[in-house]
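Here is the structure we will look at, set down as structure tokens.
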Amino acid sequence: MENSKGTALHITKRPAHVLAIFYFLFSIFLISGGCGAPGEPVAPAPTVPVAVKDLEAHQAGDGVELSFTLPSNSISGEKLAGPPAVEILRGAVKPDGSEDAKSFRVVYTIPGAMLESYRAGERVRFTDPIAPEETKAHPGGAVAYLVRTRASQKRASGDSNAVSVRVYPVAAPIASVEARVTESGVELAWTEPSGTAAESAINAITSYRIYRSEIHAPAIASPPQELPPGKAESRATLLASSETNSYRDTSAVFDHTYAYTVRSVIRVDGNELESSDSPPVIVTPRDIFPPSVPQGLVAALLPGVAAGAVVVELSWSINVETDLGGYRVYRSEQEGTRGQLVTPDLLPTPAVRDTSVEPGHRYWYTVTAVDRAGNESAPCAPVVVEVTQPLP
């Protein structure tokens, strides 16, 4: 090619790798130019717990007890910082027996800080009270439940599995329980209730169930307060069943404090249904019961180590109490009085030698048994020993 003056125009060809570097730098320039202003801050995504999958429900007295495992992780797999709040939803049941998803409404919210008082082992237990008049008006009526948890106000977990339960009238709560501490255990007695909480006829009571929880010192610094709605007696477990209106708890330990509640049981459509709890009776059994009186005390006069000295050897039958602490031996020179201790310490075995007797004296010996709590038995029948002269 020539220009207008006829001179040649030369176009220099650049190597391909030089052009590639140029385009790369140009693109970097364009990108950096677009990021000159900072963007809007992005809010962190709310923590969402995984959904509860093991919700269960059953009738408990005039109410429905729900139990489930509290989630510990979020849907992203992270461990939750603390217990999430729990929302309890109640709903209706369709004629075909399925839960009506559109009917569920939140009826209770339990803050995460309060969940510890509803824990029973690894599960949360909450009782939704239902008015006895309602169960009387609609015996066998079904109610449905599901739960959600919430770690933030912005977003709750997914719904749990839905459950439903039929609720029937049950026996009225037992009005009161009386407790009496005996040497063999805590004896409980109550009056058999009649009718239901809604005062209607019911099936005959088939048995009673006794529940017991142990209360530690800080929890009994003041009189028991009213439990919050939905909360069962703290850590109460089934102790035993009884077909009569009394029961003896032989497993109670002295100086431990227990709360007892009793529920009556009826049978409806093949299912056993318990009443609500009786008012709790709180008992701290004390060991005020002495061991049995030692038996079979015998005495023998024997020569002592020194010339002319004598000793009195005493022995008796061993006591069988498991909490036996030992024995005390008393000696008196006057009939009918206990006298003085032969040894200052408790004797661990049923035998002792009295080396302090003197010839020409008459002695009356008695023995008592003492348990580990310090309770002392009555003395055994006295044995008299007369030391008239030194033995040869």
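Considering Glu321, Glu274, the condition of being more than 23 Å from Asp371 (Cα to Cα) and not polar (S, T, N, Q) is satisfied by Glu274 alone.
Examine region 15-30 for a residue that is over 29 Å from Lys154 (Cβ atoms) and modelled with pLDDT of 95 or more, and state whether such a residue exists. Scanning region 15-30 turns up no residue that is over 29 Å from Lys154 (Cβ atoms) and modelled with pLDDT of 95 or more.
Within region 185-210, the set of residues being β-branched (Val, Ile, Thr) and either over 13 Å from Ala171 (Cα atoms) or modelled with pLDDT of 85 or more (or both) comprises Val186, Thr191, Ile205, Thr206, Ile210.
Of the conditions (1) open to solvent by 50 Å² or more (accessible area, probe 1.4 Å); (2) in a loop (DSSP other than H, G, I, E, B), Gly97 clears all except one; give me its number. Condition not satisfied by Gly97: (1).
A quick yes/no check of all residues on (1) within 30 Å of Val253 (Cβ to Cβ); (2) open to solvent by 60 Å² or more (accessible area, probe 1.4 Å); (3) modelled with pLDDT under 95:
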{"site": "Gly308", "(1), (2), (3)": "no, no, yes"}
{"site": "Val312", "(1), (2), (3)": "no, no, no"}
{"site": "Glu333", "(1), (2), (3)": "no, yes, no"}
{"site": "Gly336", "(1), (2), (3)": "no, yes, yes"}
{"site": "Leu341", "(1), (2), (3)": "no, yes, no"}
{"site": "Arg353", "(1), (2), (3)": "no, yes, no"}
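Considered as a group, the residues in region 78-91 that are small (Gly, Ala, Ser) and at pLDDT 95 or above include one that is surrounded by the most Cβ atoms within 10 Å (Cβ to Cβ), and that residue is Ala85.
Residues of region 102-153 that are under 19 Å from Lys79 (Cβ atoms), assigned to a loop (DSSP other than H, G, I, E, B) and either in contact with a helix residue (DSSP H, G or I) (Cβ under 7 Å, 6 or more places away or on another chain) or open to solvent by 70 Å² or more (accessible area, probe 1.4 Å) (or both): Glu122 alone.
Of the strands (runs of 3 or more DSSP E) lying entirely inside region 236-300, those containing at least 2 residues that are touching a residue at least 24 places away in the same chain (Cβ under 8 Å) and crowded, with 18+ Cβ neighbours inside 10 Å are 246-249, 257-268, 271-274. A Cβ distance below 8 Å, combined with a sequence gap of six or more or placement on separate chains, defines the contacts here; from region 180-196, residues that are open to solvent by less than 50 Å² (accessible area, probe 1.4 Å) and among the aromatic types (Phe, Trp, Tyr) reach residues that are part of a strand (DSSP E or B) and at pLDDT 95 or above in the pairs Trp190/Val177; Trp190/Glu178; Trp190/Tyr208; Trp190/Ser246; Trp190/Val262.
State whether the residues of region 115-131 include one that is of a type outside the set (A, V, I, L, M), more than 29 Å from the chain's Cα centre (by Cα) and modelled with pLDDT under 90. No, every residue in region 115-131 fails to be of a type outside the set (A, V, I, L, M), more than 29 Å from the chain's Cα centre (by Cα) and modelled with pLDDT under 90. In region 314-391, counting only strands (runs of 3 or more DSSP E) that sit wholly within it, the ones holding 3 or more residues that are within 14 Å of Val293 (Cα to Cα) span 324-332, 361-371. Scan region 181-193 and give yes if some residue there is part of a loop (DSSP other than H, G, I, E, B) and within 30 Å of Gly112 (Cβ to Cβ), otherwise no. No: region 181-193 contains no residue that is part of a loop (DSSP other than H, G, I, E, B) and within 30 Å of Gly112 (Cβ to Cβ). Among the residues of region 57-78, those identified as outside any loop (DSSP other than H, G, I, E, B), closer than 15 Å to Thr135 by Cβ and in contact with a Ser or Thr (Cβ under 6 Å, 6 or more places away or on another chain) are Gly63, Glu65. Being at pLDDT 95 or above and either surrounded by fewer than 17 Cβ atoms within 10 Å (Cβ to Cβ) or more than 16 Å from Asn161 (Cβ to Cβ) (or both) is true of Glu56.
The values are calculated or read from the model by the stated rules, or taken from the named source; none is laboratory data. Since the model is a prediction, treat every value here as computed from it, not as a measurement. Ideal geometry is used to build each Cβ from the backbone, glycine not excepted, and the neighbour counts take in all protein chains shown. What goes into the accessible areas is simple: the full protein's heavy atoms, side chains included, and nothing from ligands, DNA or RNA. Shrake-Rupley method; radii C 1.70, N 1.55, O 1.52, S 1.80 Å.
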